[in-house]
Every structure is written in C-alpha cells, then in structure tokens.
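Asks: First the structure, which I've put down as structure tokens, then a few questions once you've had a look.
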Amino acid sequence: MPGPDLLSSQGLRLDGRRPNELRRIRCKLGVFTQPDGSAYLEQGNTKVLAAVYGPHQASKSKSSVEGVVVNCQYSMATFSTGERKNRPRGDRKSQEMSLHLRQALTAAIKTELYPRSQIDIYIEVLQADGGAYCASVNAATLALVDAGVPLRAYACACSASMAWRGAEPAPLLDVGHVEEAAGGVVLTVASLPSTGNIALLELSHRLHSDYFEIVLSRAMQGCRDIEIILDRAVREHLAEGWTKQDIVTI
Amino acid sequence: MPLDYRRFNGPEDSIPYNYYTKEYLKSYHELHRELIDENGVRKDGRTLDEARSLCMFFARTDMISQAKGSAYIELKKTKVVCSVFDPREIMHQNEFSALGQLFCEVKFAPFSCPRQRRPHAPDAEEKALSVALRKALEPTVCRHLFPNYQLDIFVYILEHDGACLAAAINAAGLALADAAVPMYDIITACSLAVIGDQMFVDPTEAEENLAIMNPEKDGINNGLITMAVMPELRQISDFRQIGSMDVNCIMKATEVLQKECEKILPNIQQILVLNVVNSFEQQKQLEKEAKEREAALNAKMEEWKTLLNAG
Amino acid sequence: MAGLLLSPTEKIYILHGVQDDYRSDGRTNIDYRPMELETDVVSHASGSARLRLANTDILVGVKTEIDVPKPDNPGLGKIDFFVDCSANATPEFEGRGGEQLANNISNMLQRAYNSSQAFDLKQLCILEGKQCWKLYVDILILECGGNLCDAVSLAVKAALFNTRIPFVKAALMDGGSVDFQLSDDPYDCKLLEAGTAPLLVTLCKIGDKCVVDPSAEEESCSVISLIVGITGNPKYYSKDAIETPNFKCKCSTIGMNGPGSVAPETFKNAINQGIIAANSLDEALGRALLRERQECNNFKKNSYGFLK
C-alpha cells in the first residue's frame, strides 16, 4: 500500500500541505475579449484557460428540442507536461476528458432554457501539475458565469486521495501530480455543492469500501471550499466590472 | 507518422551511401569552384544570367488524354508534368464560396531527386510547394466564374534538377490554358540562386543546394528566390525567398527575375498559338472527312434509289 | 476572425483612412499597436514568453530534447516549430479547423530560421555527428486580433532569448553510443544567443498603400499581404553593446499571403517599409527583454501571467 509514504511523520504531505488543505487557487474572469465568456484559473501549478461561446444556433446534426447542447473540447498545450506532448488534442485521454467535462457542466447549466441551441466550451491546459480535470471544471464554471449563462449552481470539482497517519486514515485533499504519480487512489468528484448533488464521480484505483465514505466526504468538503473561492472571485469581478463600466458610460 | 503498409519501405534510419563518397565530402569552396569557372561559365556551359528557358526549353500540351488540359515542361534535366481536371462541386462544405477554389498538389516521383529517395506520402516540402503553386495561380484564374466549384491541378515532378517550383508554375499555367480555363493573363515563373555576389539565373539542383548551404564566411548573401509574374498585367503573383540577403540584392534580383519571366512569355505564347492552329487544322481535317463520308453515303443512296425504282 | 462581418461601407471607410495615412484606431500606416510581453511564464518549459498585441494573444514554450544530428549537417542542432490554434480563439478552430493556418505560420517560421545568419544552430551542438539539442518551439494562439505572424515571431524570439540549456558535465563513450551527465543545478546553464533571430513583418496592402500591424478588420479589407522576415541585430540584445560597424540586417525570408497580386513598384516599397519597421521592433524588443532579465537577476520580478 503506497499510503504511508504520502504523509510525513509530522503529518505533512510531499509538497508541505496539511491533509485537508487545498492548493492556492487564483483566478480571473474575462481574460479575453472575443469569446462571450472566459476565465483563467491557477490551482497550484496547474494553469487552465477556459472560453465559452454561445448560446448560439446549433448545427443541424446536434440540435435538440429538449435543451441546449453543450459542446466541450479539452486540449493540452504541447509544453504543458514535463515531457513534450506530440498533439494537443484528439488523443484518447483528452477525448475522455471532454466527455467528462460535458457531463459535469450539463448538470450545472439550465439546459431547458435554450432549446435548439449550442454552447461551446473550450478548455486549454497551459500547465498540468495534477488535477487538470478539477481545474478545468472550475475554470469552465467561471467562464460560464462570465458569459452570463444561467446556472443551477456552481459546478466545482475536487479530488481526494487516501493516506495513513500511523494507523489512522487521513484522506488527502486536492491531489497534486507527485501524489498522483506515487500511485495512490484518486477520487475525483464534480458536484454542485449548494444543492448537494454529485455530477460526476471517478475513482482511479480500488479502494476499500470502508474508507470510501470518508474520502468522498473530504472531496465534497473540498468542493464546498472551492465554491466559496469561486463565488468570491465572481463577486469581486462584478464589483470591478461595475466601476469600469461606469467609467466607460461617463 | 503512420507507417505506410501498402508498400515496401526501406529501413527507417538508413543513410544514403553517397553521404560517404568523395563527391559528397567536398568543401564549400570546392563545390563553388566546380560550379563556375574563372570566365563565369557554369558547369553546363551557360553564363550566369542565361536561363535554360531560352536555349533548352521544351514544352508541349496534351500529354494526358484523360485530363481536361495537361502540359509537359522540360528544362534540360528538370522534367515536370501537369494535368488539370474539370471543375467539380466542392463536397462536404458548409459554406457557399463565391469564388472557385483551386486544389493544387505537387508530387515528386520517388526517383526524381539526386540526393534521396522521395517517400510516397507527401512530405513537408511537397506540401509547401503545393501551397506556393496555389498562391501563384490564384490571382490569374477567373475564379468568380465557377462559384462553389473546385479545380484540381496536379503536378508530377519526374526529374528534379533545380527550379522545380518555377517549372511547376509554368507547366500549370500552360495546362490551365490548354484546359480552356478562363484566365486574366498567362503566368510565368523563374527562379534564381544567389551565392555571394553572383546570381545564378535558373539554377540547377547543385547550385540551389550550394545557395542554401551555410557559407563559411559570414555576412555574404546567399539564398533562393522564386517569382511568379503575370507579364501583361505587370503584377507579381508570388514571391518566395529563403536564405539571407540584403535589400539591394533583393531589388536587383527582382529586376532580373522580372526580365526573365518576360522572356519566357513568347515561348508559352508560341505553344498556345500552335495549339490553336493545330486544333483548327484538326477541325478542318475532321470536317473534310465528314463531307467525304456524306458524299459517299449520298452516292450509295442514289444507287439504291435507282435500284428500287428499277425494281 | 470570429464572426467578423464588415459592410462594404465600413470597408471603404477603412480604405479611405489608409489612403490618408490615418487609420480607424488613430494610428498612421507605420504604427504598431501597444504590446505586452512577459517571459518565463510556463515552468515546465526551458523558455517561454507570452505576448499580447492588442487582441492577439500568443503563448510560446520552448522545450529542449537530445537528438542525433542530421548526417548532412553533423555540426548543427535542430529547431522545430509547432503552431497550435486553440479553439479559445474562435470556434472555427475546433478539432482540426485551425490546421491550415497553423501550417502556414510554422512554414513561414521554419523558412525564416533556415539561414545560418538568422539563427546559429551551431550553439546547439553537443558532440559533432553524435548528439545535439533539438529545440521544440511550441506556439499556442489563444486569441486572434489580426497580425498573427508578427506577434508569433516576436514571442518566439523572446522565448528563445529566455531559453536555458543545461551544461553537459561529463560524457562517456560507451562503444558507439554516448552517455551524458547533465548538471542538475537549474542555474548551471547557458542562455541561447537569439540576437540575430528574425522578426516577421506583415505588410497588408489596402488600396495602393501598405500598412504594418493590420487589425482583424483591416485584414479582411485586403487581398494580399507581404510577409518579410528580417534578421535581428545582436547589439540590441547584449548589455555590453559591441558596435559591429557595418552590420546590416538581412532578409531571411519573403513570402506572400492571400489570393491577390501586387505590382513590382509597390512590392519594392513594401520591402523597404518592412525593413524599417523590423528594425525599430527589434530595438524595442531587445530593450524590453534586457530590462526583464535585469529585473530577474535582481529578484524583483513580479510574475503576472494571465492574472493581471
């Protein structure tokens, strides 16, 4: 079991965080002018850009009367990882990521408001250091807010892993690349914290069902923490935006 | 790179043996001395400013019977075939394009290059040449006459001995005229290699290679220029330069190339006029034959009529 | 780019503005828009730069790998350009939609860096005929606001200037193969000499005149643009500015873009205009990069990234 290595005897993790500590999240809304909404989010060393176009008329093949079609594309810059990637998108992993993003974000968007329309969400990972999916979901949420798309709730994603401190289980919050590579289990949760719903759940390795509950609750706690951070960022951005807009109108 | 399973591929990391021959290990100066002697005469007997297009230009149209128009151009050892096909509707296009599209493809024959074997899959150089060819032809074709249609132009380089882009553009211009595609002007192209203060008009492959090789002395001009011109309209439709040269050199080269391109024009005009004359004669011949046949038939008819009446 | 629709009247307005040397954003025909540049923004890359030219946003990362030199150039390293048009810029680039534009730009760069006087590949050689460095210059286009070529070439030059290559400590010859030991200390490295690296200048022909740094609106009014690659002057890029007396900037590539054609006189004027523009750009870039390096050495550098 790789668990014990992840925590030092002082109870600190490999990068010096405590088990229940998130990495520093810094974000900005409205980085670009051309997309309808855009956001940049840094979670530790993982850096993600998100852009939203739409809602606009859906192409014929995709169109649905039920609600809006969410179209996601996840791509990683060729220099984002330690070893150079050959293609930024189109490989299996990024296709799977696009699918998972779509699942989480469709749950958050009030899809029934825009039948026969489409929303494009493009994610560009500039630097990957573990938890790229979580950062992508969080950035996409901010971009959707910036675009003014009605949401049910903030969609937040967070990961958690399992470690032991002595004999006591100590689940780790917000798994970094080093911890991912060490081979522990990673539970990724995308949820709508304010409603308490889970939109996506993914487990990388096997985990004893006795511990599932605590790991999940740790991840959910992370989602709630992230929601507070995102909410504050949105409020700050709007406050700033109002003053800026006032200057323009005067 | 996906591997090509349909053909036999050589080992991937093989190196042509001629990299180790004496011929190949010559120094820059030796190569330079070999290309041009003290009197300014090149290896193949031309002077510096003498293009192959004047003395050894050979071209004809109607090479390929299946194509709408085709042309073959030979500049001594550079041999190029071009075929142009009927315009066809662009498939799978979501937007209507008001201007017709040109689709160009330049392909080297596997055995065409003196240095290495060309792979079957299009490589970067072939793609770049295709783009350059399209760029050169676009201004001259009346593209508004076939909206939402595309015109296919295929160029096959049988043998490469320098100036292949210029030859390809000349051949494509000729083939387009042969296919009766409406054009604003005939297009001609020429290339030039600069080594130091010498300008090799219409360079051979060896000269081109030396021009893009790193010179031993820094600060001298070297490089290649290819220019496509519409001579009657006095417009440059494409200009591409690589290497490094200063402004004066480029200005001078532009003048030289413009003159050369104008010199090619009568050659191409001659071929096209000859084409028209030929087709007229052919037409006449056909008409004559048709008349003869009709006369013979009429005679037969008369014969039968008389037979019938008699019977 | 994205959903850019201009009426004929708007196009005529732009055209008349160019004719009178007073463009719609108040610039003259030879003015560039304001730029923002930051180096060292991606920590996974050996060198990186982000450039924002009005609405055009470019991120460049340089990665280094060890490779075997080509048999016909045993003493030279390799440099490879890869352009990726991110769908963030416009939905048209989704999937493989941006490939053609990306290929055009990377071909242009490859040709501009082809000449030895433009970028010296000898500095990438480790052991002649056996091992060399290969630079992967990856360019990410995040937003298109016109004039991509110029912005990309500026960002690439800045990223190359910022690139560090680790020193090779020891080499072991083991039979025919070579083994290296690279120094682990991140500060034990050499900086690339990128002073002569070329800059591309796009000259967009609108009416009878050529403008530098066209915006997306101006690009849509023009049928032909000329791209001139001019080698840089190393004196702008080193502190102890050694004045090389008759150093002359040279053209390392010229190409044309767009379906139109151009008259020879306009062509010549445009090249001269391009050289002047490239020179002043080069000087400004050199000054900015030196200042940034100075700040970095004094540990005063603030990192902004996309958060500004």
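Asks: Tell me which residues, restricted to region B:223-232, are within 8 Å of chain C (Cβ to nearest Cβ) and surrounded by fewer than 24 Cβ atoms within 10 Å (Cβ to Cβ).
Replies: B:Met230
Asks: If you take the residues of region C:295-308 that are outside any loop (DSSP other than H, G, I, E, B) and without any contact (Cβ under 8 Å) to a residue 40 or more places away in the chain, which of them is surrounded by the fewest Cβ atoms within 10 Å (Cβ to Cβ)?
Replies: C:Asn297
Asks: Going by the conditions given, is A:Ser63 over 13 Å from A:Val149 (Cβ atoms) and not aliphatic (A, V, I, L, M)?
Replies: yes
Asks: Another question about this same structure. Specify the residue that is surrounded by the most Cβ atoms within 10 Å (Cβ to Cβ); the eligible residues are those in region C:49-61 that are more than 8 Å from every other protein chain (Cβ to nearest Cβ) and in a strand (DSSP E or B).
Replies: C:Val60
Asks: Would you be able to say whether some residue in region C:71-87 is within 13 Å of chain B (Cβ to nearest Cβ), assigned to a helix (DSSP H, G or I) and either within 26 Å of A:Val31 (Cα to Cα) or polar (S, T, N, Q) (or both)?
Replies: No: region C:71-87 contains no residue that is within 13 Å of chain B (Cβ to nearest Cβ), assigned to a helix (DSSP H, G or I) and either within 26 Å of A:Val31 (Cα to Cα) or polar (S, T, N, Q) (or both).
Asks: Next up: Could you check region A:33-47 and list, in sequence order, the residues that are at the interface with another protein chain (Cβ under 8 Å from one of its Cβ atoms), crowded, with 23+ Cβ neighbours inside 10 Å and over 12 Å from the mean Cα position of the chain (by Cα)?
Replies: Matches in region A:33-47: A:Pro35, A:Ser38.
Asks: Kindly provide the set of residues from region B:195-214 that are over 22 Å from the mean Cα position of the chain (by Cα) and not in a loop (DSSP other than H, G, I, E, B), ordered by number. Don't jump to the end; show me each part of the working.
Replies: First pass over region B:195-214, keeping only residues over 22 Å from the mean Cα position of the chain (by Cα): B:195-198, B:210, B:213-214.
Within region B:195-214, B:Ile195, B:Gln198, B:Leu210 qualify.
Asks: Tell me yes or no: at least one residue of region A:235-243 is at pLDDT 90 or above, under 16 Å from the mean Cα position of the chain (by Cα) and not aromatic (Phe, Trp, Tyr).
Replies: No, every residue in region A:235-243 fails to be at pLDDT 90 or above, under 16 Å from the mean Cα position of the chain (by Cα) and not aromatic (Phe, Trp, Tyr).
Asks: Kindly indicate whether A:Ala153 is more than 30 Å from A:Gly37 (Cβ to Cβ), in contact with a Pro (Cβ under 9 Å, 6 or more places away or on another chain), surrounded by fewer than 21 Cβ atoms within 10 Å (Cβ to Cβ) and not hydroxyl-bearing (Ser, Thr, Tyr).
Replies: no
Asks: Name the residues in region C:110-154 that are without any contact (Cβ under 8 Å) to a residue 60 or more places away in the chain, within 14 Å of chain B (Cβ to nearest Cβ) and outside any helix (DSSP H, G or I), would you?
Replies: Across region C:110-154, the qualifying residues are C:Ser116, C:Cys125.
Asks: Can you tell me which residue is farthest from B:Leu133 (Cα to Cα) among those in region B:239-277 that are in a strand (DSSP E or B) and under 21 Å from the mean Cα position of the chain (by Cα)?
Replies: Here the residue is B:Ile242.
Asks: Would you check if there is a residue in region B:110-119 being more than 14 Å from chain C (Cβ to nearest Cβ), surrounded by 15 or more Cβ atoms within 10 Å (Cβ to Cβ) and within 19 Å of B:Thr204 (Cα to Cα)?
Replies: Within region B:110-119, one or more residues are more than 14 Å from chain C (Cβ to nearest Cβ), surrounded by 15 or more Cβ atoms within 10 Å (Cβ to Cβ) and within 19 Å of B:Thr204 (Cα to Cα).
Asks: Just for strands (runs of 3 or more DSSP E) wholly inside region C:177-288: which have at least 3 residues that are within 27 Å of C:Gly146 (Cβ to Cβ) and not hydrophobic (A, V, I, L, M, F, W, C)?
Replies: Answer list for region C:177-288: C:251-257.
Each row is one residue, and each column tells you yes or no for (1) at pLDDT 90 or above; (2) hydrophobic (A, V, I, L, M, F, W, C).
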position	(1), (2)
A:Gln73	yes, no
A:His100	yes, no
A:Ala104	yes, yes
A:Gly130	no, no
A:Ser136	yes, no
A:Ala139	yes, yes
A:Ala153	yes, yes
A:Ala157	yes, yes
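Asks: Return the pairs, sorted by first residue and then second, in which the second residue is assigned to a helix (DSSP H, G or I) and modelled with pLDDT of 90 or more, the first residue lies in region A:85-110 and is within 12 Å of A:Ala132 (Cβ to Cβ), the beta carbons are less than 8 Å apart, and the residues are 6+ apart or on different chains.
Replies: Within 8 Å, the pairs are A:Met97/A:Ala132; A:Met97/A:Tyr133; A:Met97/A:Ser136; A:His100/A:Tyr133; A:Leu101/A:Tyr133; A:Leu101/A:Ser136; A:Leu101/A:Val137; A:Leu101/A:Ala140.
Asks: Going by what's in this entry, would C:Asn107 be described as without any contact (Cβ under 8 Å) to a residue 24 or more places away in the chain and more than 10 Å from chain A (Cβ to nearest Cβ)?
Replies: Criteria met by C:Asn107.
Asks: Those residues that are within 13 Å of chain A (Cβ to nearest Cβ) and either assigned to a strand (DSSP E or B) or of a type in the set (Asp, Glu) (or both), I need them from region C:155-176; list them, please.
Replies: Those that are within 13 Å of chain A (Cβ to nearest Cβ) and either assigned to a strand (DSSP E or B) or of a type in the set (Asp, Glu) (or both): none in region C:155-176.
Asks: Where residues in region B:215-238 are part of a loop (DSSP other than H, G, I, E, B) and touching a residue at least 60 places away in the same chain (Cβ under 8 Å), which of them is farthest from B:Ala253 (Cα to Cα)?
Replies: So in region B:215-238, the residues part of a loop (DSSP other than H, G, I, E, B) come out as B:215-221, B:231-234.
When the remaining residues are screened for being touching a residue at least 60 places away in the same chain (Cβ under 8 Å), the result is B:215-216.
Working: B:Pro215: 19, B:Glu216: 23 Å.
Selected residue: B:Glu216.
Asks: Here is a follow-up. Looking at B:Ala296, B:Ala310, B:Ala206 in this structure, which one is modelled with pLDDT of 90 or more and surrounded by fewer than 22 Cβ atoms within 10 Å (Cβ to Cβ)?
Replies: Testing whether each residue is modelled with pLDDT of 90 or more and surrounded by fewer than 22 Cβ atoms within 10 Å (Cβ to Cβ) leaves just B:Ala296.
Asks: How many of the residues in region C:7-40 are in contact with an Asp or Glu (Cβ under 6 Å, 6 or more places away or on another chain) and surrounded by fewer than 16 Cβ atoms within 10 Å (Cβ to Cβ)?
Replies: 1
Asks: So, one more: Within the bounds of region A:212-221, is there any residue that is of a type in the set (Phe, Trp, Tyr) and modelled with pLDDT of 90 or more?
Replies: yes
Asks: A further question on this structure: Can you find even one residue in region C:205-222 that is among the acidic types (Asp, Glu), within 14 Å of chain A (Cβ to nearest Cβ), within 15 Å of the chain's Cα centre (by Cα) and buried (at least 24 other Cβ atoms within 10 Å of the Cβ)?
Replies: No, every residue in region C:205-222 fails to be among the acidic types (Asp, Glu), within 14 Å of chain A (Cβ to nearest Cβ), within 15 Å of the chain's Cα centre (by Cα) and buried (at least 24 other Cβ atoms within 10 Å of the Cβ).
The values are calculated or read from the model by the stated rules, or taken from the named source; none is laboratory data. This is a predicted model, so every value here is computed, not measured. Don't worry about glycine lacking a Cβ; one is built from the backbone with ideal geometry, like all the others, and counts go over all protein chains shown.
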